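Asker: Take this structure first; my questions come after.
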Amino acid sequence: MNILAVDAAGEVLSAALAGFELKRASKKHDEALLSLVERLLKKAGLGWKDLDAVAAASGPGRFTGIRVGMSFAAAAGFQLKIPALAISRLAAAAGKSKSDRVLGALPGWKDEVYSQAYLRGKALGAPAWTTPRDWPAFRAAAEKRGLSVSYGETSAADLLPVARVLLATNKIPPFKPFYLKPAGYERPRG
């Protein structure tokens with residue numbers, strides 16, 4: 001199955017197909033995304049009509065980047081008449097671990113940490129964000145509960161395994177952005 005994944009929610013824009021990934025550091029993800037995908041398709045020897053699904057990082061991450069990636073996936077899915085999937089970057093982070101019980105965690109704005117617990121790929125409870133000061137204790141508490149911690153940036157390639165499982169099980173989540181905080185939110189200092 002040829003699944004195209006795009007992640008515009010982080011600092012680095014990325015696009016991936018099985019076995020291929022391209023990344024581009026860009027402040028203007030909206031201007032760079034289409035050309036990056038076209039280069040990826042060419043590198044993989046595929047055309048648009050060869051795609052079976054398209055997935056986009058739904059968040060958490062940069063507000064505008066989430067919207068750029070999801071708009072691209074929605075338009076491509078509609079035009080090609082293929083499924084468009086919204087994939088949580090926290091699920092992608094958790095999926096990088098070999099553990100059944102894992103806390104997927106991402107670096108966030110101003111060194112905050114976004115996280116969510118997963119059991120065999122299914123979210124457990126609500127996502128959270130912690131301050132840099134509170135993260136070590138939060139992480140230690142998660143590990144004490146038996147969760148393996150998978151911390152780090154994700155890219156489009158990390159979305160692909162999650163997308164494959166969703167398509168194989170026919171458990172397509174609603175296509176909507178995943179925000180932990182409203183746009184322009186700044187946590188009170190204290």
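FYI, it's all coordinate maths here, none of it is from the lab. What you see is a predicted model; the values in this text were computed from it and never measured. A quick note on method: Cβ atoms are made from the backbone with ideal geometry, for glycine too, and the neighbour counts reach across all protein chains shown.
Asker: If A57 satisfies all but one of (1) surrounded by fewer than 17 Cβ atoms within 10 Å (Cβ to Cβ); (2) closer than 13 Å to S155 by Cα, what's the number of the condition it fails?
Answerer: (1)
Asker: Out of the residues in region 23-54 meeting the condition of being of a type in the set (D, E, K, R) and not in a helix (DSSP H, G or I), tell me which one is surrounded by the most Cβ atoms within 10 Å (Cβ to Cβ).
Answerer: Filtering first and then ranking leaves K23.
Asker: Just checking, how many residues over region 83-102 are of a type outside the set (K, R) and within 11 Å of the chain's Cα centre (by Cα)?
Answerer: Total satisfying the criteria: 10.
Asker: In addition: So which helices (runs of 4 or more DSSP H) stay within region 68-175 end to end and still have 1 or more residues that are surrounded by fewer than 20 Cβ atoms within 10 Å (Cβ to Cβ) and not hydroxyl-bearing (S, T, Y)?
Answerer: 135-144, 156-169
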